[in-house]
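The structure appears right after this line, and notes come after that.
The values are calculated or read from the model by the stated rules, or taken from the named source; none is laboratory data. Note that the coordinates shown come from a computational prediction; the quantities given were computed from them, not determined experimentally. Glycine also receives a Cβ, built like all others from the backbone with ideal geometry; neighbour counts cover every protein chain displayed. Note: areas computed on protein heavy atoms with side chains; ligands, DNA, RNA excluded. Shrake-Rupley method; radii C 1.70, N 1.55, O 1.52, S 1.80 Å.
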Amino acid sequence: MNEILFSIMVIFLFALVFLGIRFFIPWIKEKIGNEKYERVKAEIQTLVYAIQERYGKELTGPERRAIVLEKIKEFLISKNISLTDDQLRELNDAAVFAMKLAQIK
């Protein structure tokens with residue numbers, strides 16, 4: 001029974017992330033412009049992969065997320081780009097989702 005509940009929760013979380021990516025990401029692109037968005041997206045993906053590679057199982061997901069968000073905020077300040085924490089979390093979740101999909105393939 002717990003496996004079924006866990007599977008349902010995983011599917012629900014993937015659906016939630018997918019919906020966030022589907023609707024929230026285009027809004028962010030429009031807000032900051034495509035060029036800046038691509039730069040931020042690439043930086044977040046690089047950080048997600050680097051933090052995962054560096055810390056792996058040593059840190060929990062929220063701890064790794066906090067490191068990525070801290071580093072990306074430093075990057076945004078240096079590039080004079082303004083995003084909210086929610087927007088950054090959504091971009092981070094999209095990068096993690098993409099990384100997990102790449103690992104499945």
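Region 6-105: which GluC sites (Glu not before Pro) are DSSP loop and have at most 10 other beta-carbon atoms within 10 angstrom? Mind showing how you got there, number by number?
Values: sites: Glu30, Glu35, Glu38, Glu43, Glu53, Glu58, Glu63, Glu70, Glu74, Glu90; in loops: Glu58.
For GluC sites (Glu not before Pro) across region 6-105 that sit outside H, G, I, E and B with at most 10 neighbouring Cβ atoms in 10 Å, the list reads Glu58.
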Rounded to two decimals, the Rg over Rh value of region 38-88 from Cα coordinates and the Kirkwood Rh reads 0.98
Roughly what would the spin-label model give for Lys57 and Asp85, points 7 Å off Cα along C-beta, in nm? 3.1 nm
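What part of the accessible area of the chain, given as a whole %, is carbon or sulfur when the probe is 1.4 angstrom?
On the way: 4530 of 7570 Å².
For the chain, the apolar C and S fraction of the accessible surface comes to 60 percent.
With the Cα gyration tensor of region 15-105 in hand, give its eigenvalues times 5 under a square root as the equivalent ellipsoid semi-axes, listed largest first in whole angstrom. The partial results should precede the final answer.
Working: eigenvalues 84, 54, 24 Å².
With the √(5λ) rule applied to region 15-105, the semi-axes are 20, 16, 11 Å.
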What's the extension gain from Glu74 to Gln103 if we count 0.36 nm per residue and subtract their Cα-Cα distance? 7.6 nm
Could you tell me which residue out of Gly56, Ile21, Val10 lies farthest along the dipole of the chain toward its positive end? Charges go on the beta carbon: Lys and Arg +1, Asp and Glu -1, centred on the Cα centre. Ile21
So which helices of the chain fit the span-like rule, where a helix is a whole DSSP H run, its Cα atoms reach 18 Å or more along the axis, and its mean Kyte-Doolittle is at least 0.0? 2-32
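Given the pairs Lys57/Lys79; Lys31/Lys71; Lys31/Lys79, which span a C-alpha to C-alpha distance of over 27 angstrom in this model?
Checking Cα-Cα distances, Lys57/Lys79 exceed 27 Å.
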